[in-house]
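What follows is a single structure, written as structure tokens, with notes after it.
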């Protein structure tokens, strides 16, 4: 469906159920969120009443345990923690490196981040994770976190996905985006399992991609500081880079109409927006699409763009 078609029905549907968005760029786009979140709270009439911010995820630059995307966030970590606590929004540390070894568990920077973010007044913070070794370390040393099973596991097999949902370690499980439309599988899940599913909404990757795990592994090696060749994506259109309009044309894209009519009514309420490697201007367009009432999009865009302290480009 075209972008226009997917945007067309958004403003006409109402629901009592809530969708919780998990947004990218906790450290990477902190300047954007410092402007957007107060606006979201103070001008709530600008935004859909059926959506909330469930968490914001990310990792500072040079995090050994990082994965998914190479982190570049340079925001002050104590300022980030204080801000998120003030607005009572869950922070998620993206520690989804798939190649963690025993010697990596003592990394001072990552352990310091965990110690700082583990405890937060009135809101529970989380860790997005791949490695079982790291998961055991987090559970043992920082039990105040909840854990999220990372989409970097590339769970495309329904049986593997169900096994992951059965694991009590994880509060949420993010399957591969190619399961987004497997409605017979999804609707067959029990209510408690549906509550654990967190869908990756806006992936641009080709459905036929066979290198997804290799791509994530390449990022993991870079985060560990290992020498490795650059992963060259062979998906159609990869040379264009990520474009939200292309993601909208992906057969597994989850738009607002899908959320309201196909997911919320059947017990699913958690939706992850990807984009940590993108610019803040692109992230803003996602926030406008997923959260903002059409009649207020220009007002929100102006509030953000005209803020003298924010450089969106």
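The values are calculated or read from the model by the stated rules, or taken from the named source; none is laboratory data. None of these values were measured; they are calculated from a predicted model. For neighbour counting, all protein chains shown are included, and Cβ atoms are generated from backbone atoms with ideal geometry for every residue, glycine included.
Filtering segment 293-311 to residues that are part of a helix (DSSP H, G or I), exposed (fewer than 15 other Cβ atoms within 10 Å of the Cβ) and out of contact with any helix residue (DSSP H, G or I) (no Cβ under 6 Å at 6 or more places or on another chain) leaves 295, 298, 299, 302, 305. The listed residues are 186, 113, 134, 165, and the only one of them that is part of a helix (DSSP H, G or I), over 20 Å from residue 21 (Cβ atoms), in contact (Cβ under 8 Å) with a residue 60 or more places away in the chain and touching a strand residue (DSSP E or B) at 6+ places or on another chain (Cβ under 8 Å) turns out to be 134.
Selection over segment 254-272 of residues that are in a loop (DSSP other than H, G, I, E, B) and closer than 15 Å to residue 205 by Cβ gives a count of 1.
Of all residues in segment 36-48, at least one satisfies being more than 25 Å from residue 151 (Cα to Cα), in a strand (DSSP E or B) and modelled with pLDDT of 95 or more.
Just the residues that are surrounded by 15 or more Cβ atoms within 10 Å (Cβ to Cβ) and within 21 Å of residue 204 (Cα to Cα), please, taken from segment 162-194. Answer for segment 162-194, where residues must be surrounded by 15 or more Cβ atoms within 10 Å (Cβ to Cβ) and within 21 Å of residue 204 (Cα to Cα): 173, 174, 175, 176, 177, 178, 179, 180, 181, 182. Given the structure, is residue 290 part of a helix (DSSP H, G or I), at pLDDT 95 or above, in contact with a helix residue (DSSP H, G or I) (Cβ under 7 Å, 6 or more places away or on another chain) and buried (at least 17 other Cβ atoms within 10 Å of the Cβ)? So residue 290 fits the description; yes.
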